[in-house]
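Step one of this worksheet: look at the structure below.
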Amino acid sequence: MKTIEFADGTVVPALGQGSWHLGQERRPAAQEVAALRLGYELGLRLVDTAEMYGEGRAEELIAKTLPGERDTLYLVSKVYPQNARRAALRKACDASLRRLGVPRLDLYLLHWRGGADLAETVATFEELKTAGKIGAWGVSNFDVTDMEDLLRVPQGERCATNQVLYNVASRGIEFDLLPWCAARRMPVMAYSPLGSGAGLLRHPALREIAERHHTTTAALALAWAIRAGGVIAIPEAGDQAHVRTNAQALSLTLDARDLADLDAAFPPPRRKVPLDIL
């Protein structure tokens, strides 16, 4: 099992599960519940959600999947920036805990910077930690300049992670953000590691390399995302077949030829590029 260690020593799977579109009647709820539970069984025991996802419906769906042994699962949620002031943040956290049916989040993220007062947000995150309502906090969709601003506020260095868009076709963070985080022992969480839509998974280069390994393009793309450590990928899968495919990435190792072929098809950045956001 590939794992990632946070700066505080917490170890989590390098491959988890996302929930952006879950709980929104795109599929039968029972199908999505079964998919998440299968993921836990296969080792994908980090699950990411947010108050934004279906305005809480994804959190409510996840509540139906949580195992009795709560400490075997790493639970992540996110707060809107407009709810990141002290009173609103405390209220938003309580609402997420209520929808999830748990007393504590393992990790709580500011979903994007927006107009949030970083000093007030960080201070409130720390209050929530002291109260035992969250284990750690982090951010999402922050570029290097945002991260540098964050570290200037009191206790900003306690940020556990930055969740950003990252996949083989969207590699901009490799130029600056990824090494910036690595230097501070701050894992990056990669959302949309399979791209947006199915286009990436049909790319000829991915198909050719996947065939060499007798696997799927999805497993290949995920194995690439977590190839070097320091990255936690959180693909969404609403059915059990896709979960099984995603889990194959945990046992797939890419060789130098694979990586060179992917670099040729999807060149790494040679300069600073704007942060990709969905």
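What to note about this one:
- Given (1) of a type in the set (A, V, I, L, M, F, W, C); (2) part of a helix (DSSP H, G or I); (3) in contact (Cβ under 8 Å) with a residue 12 or more places away in the chain, number of the condition A30 does not satisfy: (3)
- Which listed residue is buried (at least 20 other Cβ atoms within 10 Å of the Cβ) and within 20 Å of A160 (Cα to Cα), from G9, G39, G16: G16
The rows are residues; the columns are (1) surrounded by 20 or more Cβ atoms within 10 Å (Cβ to Cβ); (2) over 13 Å from M52 (Cα atoms); (3) among the hydroxyl-bearing types (S, T, Y); (4) in contact (Cβ under 8 Å) with a residue 60 or more places away in the chain.
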{"site": "L75", "(1), (2), (3), (4)": "yes, yes, no, no"}
{"site": "Y80", "(1), (2), (3), (4)": "no, no, yes, no"}
{"site": "R85", "(1), (2), (3), (4)": "no, yes, no, no"}
{"site": "R90", "(1), (2), (3), (4)": "no, yes, no, no"}
{"site": "C93", "(1), (2), (3), (4)": "yes, no, no, no"}
{"site": "L100", "(1), (2), (3), (4)": "yes, yes, no, no"}
{"site": "W112", "(1), (2), (3), (4)": "no, no, no, yes"}
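- The strands (runs of 3 or more DSSP E) found entirely in segment 117-216 that carry 1 or more residues being crowded, with 20+ Cβ neighbours inside 10 Å and among the hydroxyl-bearing types (S, T, Y) are 137-140, 188-191.
- Qualifying residues in segment 60-72 (those that are touching a Lys or Arg at 6+ places or on another chain (Cβ under 9 Å) and buried (at least 20 other Cβ atoms within 10 Å of the Cβ)) - the one nearest to D106 (Cα to Cα): I62
- Test set (1) within 26 Å of F6 (Cα to Cα); (2) not in a helix (DSSP H, G or I) - R271 fails condition number: (1)
- Test: residue in segment 196-218 that is at pLDDT 95 or above, under 27 Å from T121 (Cα atoms) and within 18 Å of the chain's Cα centre (by Cα): no
The values are calculated or read from the model by the stated rules, or taken from the named source; none is laboratory data. Note that the structure is predicted; figures quoted are calculated from it, not measured. Cβ: placed from backbone, ideal geometry, glycine included. Neighbour counts: every protein chain shown.
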